[in-house]
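**Q** Here you go, one structure.
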Amino acid sequence: MYLLKNSVGRKIIMSVTGFTMLTFVIVHLVGNASIYDGPDGINTYAAALHHNSTFLLAVRLTLLGFCSLHVFFGTLLTLRNNAAKPQGYAVNKSLSATFASKNMIWTGLLVAVFIIYHLLHFTFQVTNPEISAFKHLDAKGRHDVFTMIVLSFRHLFIALAYVCGVGILGLHLSHGIQSSIQTVGLNSRKIFPFILKSGMILWIIIFLGFSSFPIAILTGIFK
Amino acid sequence: MNLTLYVWRQKGPDKPGRLEEYEAKGISPDMSFLEMLDVVNEGLIKKGEEPIAFDHDCREGICGTCSQVINGIPHGPQEKTTVCQLHMRHFRDGDAIYIEPFHAKAFPVIKDLIVDRSALDRVMQAGGFVSAHTGGAPDANAVLVPKSYANVAMDAAECIGCGACVAACPNGSAMLFTAAKVAHLANLPQGKVGAARRVCMMTDAMMNEGFGNCSNHYECQAVCPKGIRVQFIAKLNREFMKSQTTTRRD
């Protein structure tokens, strides 16, 4: 397939898969915000998600496929880029490249490690089985996701791991969002400053939104 | 002005290179950077040493030959300026100046500060042209070009193919150069002929020549002596996507 061999084609795959995962992250944040509605809010949301198991499986498989493509082509492009620039300069100056733009491969791989931990923790519930929602049910007989989250984030180490994880995701997105928009060609001289700002605002919302859950629990807002 | 220069010296393509220290004394602030190097070379020749090899041609800022990285920035610290148009008044007396050739796998060093940039020519040869039977000479205004399109095409055509974008890019990508050439023709009615083929052939040639991929650091735009913008890369990306929906790639 020509798209997979061409430099621009590979970038478009990175952009489309990245944007799909970003959309999922936003939906995930909005869904998780139901925790602010108390135990009934997030438990109802979780039960509704699991009610349609076929849809859930399809979404999970799509995300797994897109994530694999993103990691594969990201690694391939980085290896090729490093080979194309084997030697640096005695004086290194960056005029517009940022720490985030130069470390996408590392922030990306760290996000992948965080996602694996997150899945083992909350989805498969194997890292902390004593607080598993599979074992505890709420008053309405549903998996008690609220209690699982609250008990988890009372551990300082787990809460810190999540804040760091979404922090690294934020760093990745700070370059990734505007880069994706540019890659699919949605850029012009007039809208370029807006694209840079919108990407920045979006990743700050995502970072603050996700880190608010462990911080709220650690500071005792949820008990 | 008296300056200390650290200049990349390399005897040949396969020889190891290193920075060597030279003193540049009695330099006038009105000299161009290349004239300063001429003075240093005269001193080296008088001493019976090998002069510093560097590329130059027009010395008017339009040929794009003077490929040097000065203190880590291709073409030096002044915006939208080639090395030949960079004047010594932009430096201070006593400054230390590091002068290196453009570094990229696709730009092998020939000698000292001279690199082989013919890979860019081969990217052009792959598709940076319009090839069509035109018949007799058409009337002057037979093909109308809207002014706004002509302006954008001329902005893209400002690219002098100096390779500073490649030198500055952390990935050694020639995407800004390729995008300028693609956007130049894609904005004109004459360039619509073979547009799908052009973008595919040129981006493929870019990869085959050993250039890296664009990951939107925008370093290229920051150092371009002609102010070529990264929006041309967005245009190239759109042209590529269009090419994938076109069945006939003539």
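A quick yes/no check of all residues on (1) in a strand (DSSP E or B); (2) crowded, with 16+ Cβ neighbours inside 10 Å; (3) modelled with pLDDT under 95; (4) not assigned by TED's automatic domain parsing to the domain that holds B:ALA157:
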{"position": "B:ASP14", "(1), (2), (3), (4)": "no, no, yes, yes"}
{"position": "B:GLU20", "(1), (2), (3), (4)": "yes, no, no, yes"}
{"position": "B:SER28", "(1), (2), (3), (4)": "no, no, no, yes"}
{"position": "B:LEU37", "(1), (2), (3), (4)": "no, yes, no, yes"}
{"position": "B:ASN41", "(1), (2), (3), (4)": "no, yes, no, yes"}
{"position": "B:LEU44", "(1), (2), (3), (4)": "no, no, no, yes"}
{"position": "B:GLY48", "(1), (2), (3), (4)": "no, no, no, yes"}
{"position": "B:PRO51", "(1), (2), (3), (4)": "no, no, no, yes"}
{"position": "B:PHE54", "(1), (2), (3), (4)": "no, yes, no, yes"}
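**Q** If you don't mind, another one. Out of the stretch A:49-92, which residues are surrounded by fewer than 14 Cβ atoms within 10 Å (Cβ to Cβ) and facing another protein chain (nearest Cβ under 8 Å)?
**A** Hits for the stretch A:49-92 are A:ALA83, A:PRO86, A:GLN87, A:GLY88, A:ASN92.
**Q** Restricting attention to the stretch B:192-226, report how many residues are more than 10 Å from chain A (Cβ to nearest Cβ) and on the phi > 0 side of the Ramachandran plot.
**A** Here the count works out to 1.
**Q** Across the stretch B:130-168, what is the total count of residues that are of a type outside the set (Val, Ile, Thr), in contact (Cβ under 8 Å) with a residue 60 or more places away in the chain and surrounded by 12 or more Cβ atoms within 10 Å (Cβ to Cβ)?
**A** Counting residues in the stretch B:130-168 that are of a type outside the set (Val, Ile, Thr), in contact (Cβ under 8 Å) with a residue 60 or more places away in the chain and surrounded by 12 or more Cβ atoms within 10 Å (Cβ to Cβ) gives 11.
**Q** Taking A:THR20, is it in a helix (DSSP H, G or I), more than 22 Å from the chain's Cα centre (by Cα) and more than 14 Å from chain B (Cβ to nearest Cβ)? Even if it seems obvious, please write down each step before you answer.
**A** Details: in a helix (DSSP H, G or I): yes; more than 22 Å from the chain's Cα centre (by Cα): no; more than 14 Å from chain B (Cβ to nearest Cβ): yes.
In short, no.
**Q** Out of A:ILE149, A:ILE158, I need the residue that is over 26 Å from A:HIS70 (Cα atoms), touching a residue at least 40 places away in the same chain (Cβ under 8 Å) and touching a Ser or Thr at 6+ places or on another chain (Cβ under 7 Å). Which one?
**A** Matching residue, one of A:ILE149, A:ILE158: A:ILE158.
**Q** I would also like to ask the following. Report every pair of residues separated by at least 6 positions or lying on different chains whose Cβ atoms are under 6 Å apart, first residue within the stretch A:68-87 and within 12 Å of B:SER215 (Cβ to Cβ), second part of a helix (DSSP H, G or I) and small (Gly, Ala, Ser).
**A** A:GLY74/A:GLY108
The values are calculated or read from the model by the stated rules, or taken from the named source; none is laboratory data. Since we're looking at a predicted model, the values are computed, not measured. Using ideal geometry, Cβ is built from the backbone for each residue, glycine included, and neighbour counts are taken over all protein chains shown.
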